[in-house]
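What follows is a single structure, written as structure tokens, with notes after it.
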Amino acid sequence: MGGMARRKASRTAPAAARTVPATCPCGSPAPYPEHCGKLHAGGVAARAEDLMRARYSAFVVGDEAYLRRSWHPDTCPPVIGLDGGTRWEGLEIEASERGSAFHQDGTVTFRARYREGGTPGALHERSRFTRVGGEWVYVDGDFLD
């Protein structure tokens, strides 16, 4: 899910603090505090897809600290550059390969819809994840569109 940050690389102003949503932005029917909010508060993702969903939710709520913690130290950029002008509108997981409790790496292919300045867009990416110290982290990804 680094594509969201890479897409915003020219904008380095941090996003303004946002209201915590009642429902989880990742698409889970669970409330945010009981789903991705738990990971943002220090919980550990069981699967690469769980980390992907939590990273998407972190973009929605502007949680740069979580994005940094969940990014591989070798690939995390010095500035993530969240943009408060981007409104993330939905996440669709298209495929998840490996990335379970029994794997050391995995990929998640997703499409994240957004609106920027009234113009709709979508980020389509295949993200790579690995474990560092037993915890899932985002490594990098390939844009698909």
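Quick rundown of the values:
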quantity	calculated
Extreme residue, farthest from residue 23 (Cα to Cα), among residues of region 40-55 that are part of a helix (DSSP H, G or I) and out of contact with any helix residue (DSSP H, G or I) (no Cβ under 8 Å at 6 or more places or on another chain)	48
Residue tally, condition in contact (Cβ under 8 Å) with a residue 60 or more places away in the chain and either open to solvent by 50 Å² or more (accessible area, probe 1.4 Å) or among the hydroxyl-bearing types (Ser, Thr, Tyr) (or both), over region 34-45	1
Matching residues in region 59-73 - criterion: being part of a helix (DSSP H, G or I) and of a type in the set (A, V, I, L, M, F, W, C)	59, 60, 61, 65, 67
Looking only at region 115-145, and only at residues there that are open to solvent by less than 30 Å² (accessible area, probe 1.4 Å) and not aliphatic (A, V, I, L, M), the one that is farthest from the chain's Cα centre (by Cα)	121
Residue selected from region 74-89 under the condition part of a strand (DSSP E or B) and touching a residue at least 40 places away in the same chain (Cβ under 8 Å), by the criterion nearest to residue 110 (Cα to Cα)	88
Filtered residues of region 55-100 (kept if open to solvent by 10 Å² or more (accessible area, probe 1.4 Å) and of a type in the set (Val, Ile, Thr))	60, 61, 75, 79, 93
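Residue by residue, here is whether (1) under 14 Å from residue 72 (Cβ atoms); (2) touching an Asp or Glu at 6+ places or on another chain (Cβ under 8 Å) holds:
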| position | (1), (2) |
| --- | --- |
| 102 | no, no |
| 121 | no, no |
| 124 | no, yes |
| 138 | yes, no |
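The values are calculated or read from the model by the stated rules, or taken from the named source; none is laboratory data. These numbers were taken from a predicted model, which means no experiment stands behind them. In this analysis, Cβ positions are derived from the backbone assuming ideal geometry, glycine residues included, and neighbour counts consider all displayed protein chains. Side chains included, ligands, DNA and RNA excluded: accessible areas come from the protein's heavy atoms. Shrake-Rupley method; radii C 1.70, N 1.55, O 1.52, S 1.80 Å.
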